[in-house]
Amino acid sequence: MASIHLDNVVKRYGAFVGVKEMNLQIADEEFLVLLGPSGCGKTTTMRMIAGLEEPSEGDIRIASEVVNGLDARDRDVAMVFQGYALYPNMSIYENIRFPLRMRGVPKNQQDALIRRAADMVELGDFLDRKPAALSGGQRQRAALARAVVRQPQVFLMDEPLSNLDAKLRASMRVQIKHLQRKLRITTVYVTHDQIEAMTLADRIVVMSRGEIQQVGTPDEIYSDPANTFVAGFIGSPPMNLIEGQVHSGRFIAPGIDIAAPGHMHGNVTLGFRPEDCGIAPDGQAGLTGTVYGIEPTGDSTFLTILAGDKQVEVKAPRDFRAPLDSCASIALDPARLYFFDSATGQRMRSTQ
Amino acid sequence: MRALFPYLLVAPAVTYLLSITLYPGIYAIYQSFFLVRFNEWIPVGTDNYVELFADTEFWGALLNTLIIGGIALAVECLLALVLAYFAYRDPFIRGWRIVFLMPMLFMPSAVAFLWKLAFNDGRVISDLLMRLGLISQNIDFLGSVPLARLTLIVADVWQWTPFLFIIFVAALQGQDQEIEEAARLDGARWPQIFWNISLPMMRPVIAVAVILRGIDITTMFTNVYIMTNGTPGGTTETISYFIYRQGFRTFNFGYASAAAVIMLIITVVSAQLIVKRAFRSGRA
């Protein structure tokens, strides 16, 4: 069991900077998710922790020992790859046994460890099969078993669920979280799927273009985003972001005219989540526009409204219906409005 | 007309292939049942085959081919694998693999003459070894059976190891890098990764390479013709050289054809066996 520290870690590929000045502390037994779009540096960060890439600058410490220059095999980390990376020439039993064999675990202890790991992921009946004879979900579980079998200090997972279908992904998510809690192994998990991040993480690190945008618990990331990137990345559908101007305490944009905190002025971006607004009784609207589209999802109806040339998503009751191009009035919850500086994208917080 | 068009397109290739492989092949099978004296063809039934099975020179040639070709092939494979293991992770391999390819680009007869000079006529190798103080007098490479065979093996290895090397490097570079990385994290060192994972995954590729080289090596002729002429005492005479000698030295065409047909059968059957074995258990 170990904590992980990244101190001013930089990764350059020639002139391109993959990861910029990264500082991150991962606590012992924590489940940390690196979240961001492709090319944001999250996988590079994980590969540096694994020892598959060397940082260009800065230190990485695992269990307070600097591991720079230490080969991947000597770091006592296990990794689950996106493509599972099972050894195709070996049976599942031999796949799970491989790390034990390589690390010189005595032969008479191996079998018990392998069967325990296989039972943990419910693969006990498939040990004789070759990876090619397993389904995607089973291969994923085999890769998981191979990673847990030797009880590593750190668990790394690189988009392990992205090759599975939606239903399987949901059940694997629960299984991974359960396993991590049971084994109490520090885990770093890379994904671009914000639902995975929200459901799995103790803390989420949102990354973009090689930089950390925000670090926090799923609740903090969701309800207190630090900038427009985080606000627009998290949530399904994500937060509505509308650029406008603040003049003498009013936020003005096409279709919107609402009160803004007193200290703001100039170009401001307003953010609000689809579920923090509703259909307004006449005359109380904070936002008016025309109905662009209606998407019933069963438990609710998502309404797309055109305000000016901007599409706004609103979560409406399940039985809400309206003809296209009809007028819609939306009430915004004043307590759940977010204001961002349009120039920098940073959150403007109320000073009081 | 529209239906005929595809056939029209492949017709030249098919005609070409049939005329240079199928026609001579059938011709040889047909001829193997005759005693051929230039224009006079006397049907002899299976006499050529019966005679061949009792011919110690034929069996000797077969054995020589097996010994020389087998050792050369094994050495080539081993050398190429070792070289590929060290080279495939080298980012500059693209730049300098042309160096490895060069022996393959030379004309085989020119290479054979070079080795003939080095081993026999020019005594270059003996001279080098003498100057190094390793031997005290010239080695007569054609004077002993193992040495004569060795010269053929060395010449073949020199020219054809690069062919296998290129194939093996491509196979290793084509392997999923995630699997190698997984093995590293599982605690494997490079030799262990190679032995436990990369090599088993290369099985089908190795099989194909061995078959291609094997077929080529069973028809080894140029080096024998130029370097040893089958000496000493026919111990370096390969099947191809035997067939050539029967056909074009003693003009016993029917007999040579029968030998060629038997050789064809042996080659096809053994290639089939290797393919079957390698691909059945190589499939994951």
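The values are calculated or read from the model by the stated rules, or taken from the named source; none is laboratory data. Note that the structure is predicted; figures quoted are calculated from it, not measured. Heads up, the Cβs are rebuilt from the backbone with ideal geometry, glycines too, and the neighbour counts pull from every protein chain shown. Just so you know, the surface numbers come from the protein's heavy atoms only, side chains and all, with ligands and any DNA or RNA stripped out. Shrake-Rupley method; radii C 1.70, N 1.55, O 1.52, S 1.80 Å.
According to the square roots a ≥ b ≥ c of the eigenvalues of the Cα gyration tensor, what is the shape class of region B:55-282, taking rounded for a/c under 1.5, prolate for a/b larger than b/c otherwise, and oblate for the remainder? In terms of gyration-tensor shape, oblate.
Please give me the summed charge of the neighbours of A:H192: other residues whose Cβ is under 10 Å from its Cβ, Lys and Arg +1, Asp and Glu -1.
-2
For region B:55-282, what is the relative contact order in percent, using Cα pairs closer than 8 Å and at least 6 residues apart in sequence? Each step should come with its number before you reach the end.
On the way: 230 pairs, mean separation 70.4, N = 228.
Taking the mean separation of contacting Cα pairs over the length of region B:55-282, I get 31 percent.
From most to least packed by mean Cβ count within 10 Å, the peptides B:110-116, A:202-208 give A:202-208, B:110-116. Any idea what diffusion coefficient region B:1-148 gets from Stokes-Einstein, in µm²/s, Kirkwood Rh on alpha carbon pairs, 25 °C, 0.890 mPa s? For the chosen part, D equals 113 µm²/s.
Computed with a 1.4 Å probe on the full set of protein chains, the accessible area for A:H263 sits at about 80 Å². Look at where the Cα atoms of region B:1-69 and of region A:50-105 average out, and the two centres are 57 Å apart. When A and B come together, around 2000 square angstrom of accessible surface is lost from both chains combined, probe 1.4 Å.
If you put +1 on each Lys and Arg Cβ and -1 on each Asp and Glu Cβ, how big is the dipole of region A:4-232 around its Cα centre, in Debye rounded to 20?
On the way: 29 positive and 29 negative charges, 185 e Å.
In total the dipole reaches around 880 debye.
Between beta-carbons, use under 15 Å as the cut-off and find the net charge around A:K107, counting Lys and Arg +1, Asp and Glu -1. Don't skip to the answer; put the middle values down first.
Details: positive: A:R97, A:R101, A:R103, A:R115, A:R150; negative: A:E94, A:D111.
Around A:K107, the charge tally is +3.
If you take all other residues with their beta carbon under 12 Å from the beta carbon of B:N229, and give Lys and Arg +1 and Asp and Glu -1, the sum is +2.
Please calculate how many Å² of accessible area region B:138-265 carries per residue, with a 1.4 Å probe and no DNA, RNA or ligand atoms counted.
Numbers: 4790 Å² over 128 residues.
Normalised by residue count, the accessible surface of region B:138-265 is 37 Å².
With the alpha-carbon atoms of region B:200-284 aligned to their principal axes, the span from lowest to highest coordinate is 52, 27, 17 Å, starting with the largest. Label-to-label distance, B:A170 versus A:E65, with points set 7 angstrom from Cα along the beta-carbon direction: 4.4 nm.
As an exercise, identify the GluC sites (Glu not before Pro) in region A:37-138 lying in DSSP coil whose Cβ has no more than 15 other Cβ atoms within 10 Å. Kindly include the intermediate steps, with their values, before the conclusion.
On the way: sites: A:E53, A:E57, A:E65, A:E94, A:E122; in loops: A:E53, A:E122.
Here the GluC sites (Glu not before Pro) that fit, given the DSSP loop and packing criteria, are A:E122.
Take the Cα of B:V75, step 7 Å toward its Cβ, do the same at A:S248, and the gap between the two points is 9.8 nm.
Peptide A:138-148 is shielded by partner chain Cβ atoms: per residue, an average of 1 of them sit within 10 Å of its Cβ.
Tell me, what does the Kirkwood hydrodynamic radius of region B:148-192 come to in angstroms if you use every pair of distinct C-alpha atoms?
13.1
Taking every residue in A:76-87, how many Cβ atoms of other protein chains lie within 10 Å of its Cβ, on average?
Numbers: counts 2, 1, 4, 6, 2, 7, 1, 5, 4, 10, 4, 10.
Mean inter-chain Cβ contacts per residue within 10 Å come to 5.
Its DSSP H runs of at least 4 residues, each contributing -39,500 (n - 2.57), put the calculated 222 nm mean residue ellipticity of chain B at -22000 deg cm²/dmol, to the nearest 500. Taking only the C-alpha atoms of the protein assembly as shown, the Rg (one decimal) and the largest Cα-Cα distance, Dmax (whole number), read 36.7, 117 Å. Just from its helices, what would the mean residue ellipticity at 222 nm be for chain A, if runs of 4 or more DSSP H residues each count -39500 (n - 2.57) and the sum is divided by every residue, rounded to the nearest 500 deg cm²/dmol? So the calculated ellipticity at 222 nm is -7000 deg cm²/dmol.
A crude spin-label estimate for the pair B:V10 and B:I42, with each label 7 Å from Cα along the Cβ direction, gives 4.5 nm. Ligands, DNA and RNA left out, the accessible area of region B:184-241 computed with a 1.4 Å probe is 65% carbon and sulfur.
How about region B:167-196: which of its residues lose at least 20 Å² of accessible area in the presence of all protein chains relative to their chain isolated, using a 1.4 Å probe? For region B:167-196, once contacts with the other chains are taken into account, B:E178, B:I179, B:E181, B:A182, B:R184, B:L185, B:D186, B:G187, B:A188, B:R189, B:Q192, B:N196 lose 20 Å² or more.
Averaged over peptide A:95-101, the number of partner chain Cβ atoms lying within 10 Å of each residue's Cβ comes to 3. In terms of accessible area, using a 1.4 Å probe and ignoring ligands and nucleic acids, A:R146, B:R97 rank largest first as B:R97, A:R146.
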